[in-house]
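Throughout, read-outs are computed from the coordinates displayed, never taken from laboratory work. Please read these numbers as outputs of a predicted model, since none were measured by experiment. Please note: Cβ atoms are built from the backbone with ideal geometry, for glycine as well, and neighbour counts cover all protein chains shown.
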Amino acid sequence: MFCDTPESRPGMKPRVREVDIFRDDIGKYSIALDYGCYICSHIYCSAGTLRKHIRNVHGYDINARQSSLNRPMDINYYYKLRKNTDYCDVIHYACPSCWFHCPLDDFALLTDHTIVEHKPRPTK
């Protein structure tokens, strides 16, 4: 069976398809998100782990985001997985209850956001 690939035709470049050249992240900052505790600023790799920390260590419950929803696209940021931070421009604190995020140097903004928007409840 003959395979018509660039490797089978010396001197030929791979065909560029429209899908290959479409990039939504052009001109955007690449951003990695840390899930930081709004009380002690300890950082976790996932929203669920942070919510468990807040409940078990600090004694508060906060709501989770609806499961199976991806973070919406943003006109300013291209989101990267936290483990791929070698190639990101910015790292932000991310809220475990909604899509809010803020710079790591603005811990007070994360705290205010969490208290005002999500109203943490003491566990019983």
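The Cβ shell under 11 Å around Arg121 holds other residues with a net charge of +2, Lys and Arg each +1, Asp and Glu each -1. Other residues within the sphere of radius under 13 Å centred on the Cβ of Cys37, judged by their own Cβ, net out at +2 (K and R +1, D and E -1).
One decimal place: the segment Trp99-Lys52 gains 15.1 nm when fully extended, by the rule 0.36 nm per residue minus the C-alpha distance.
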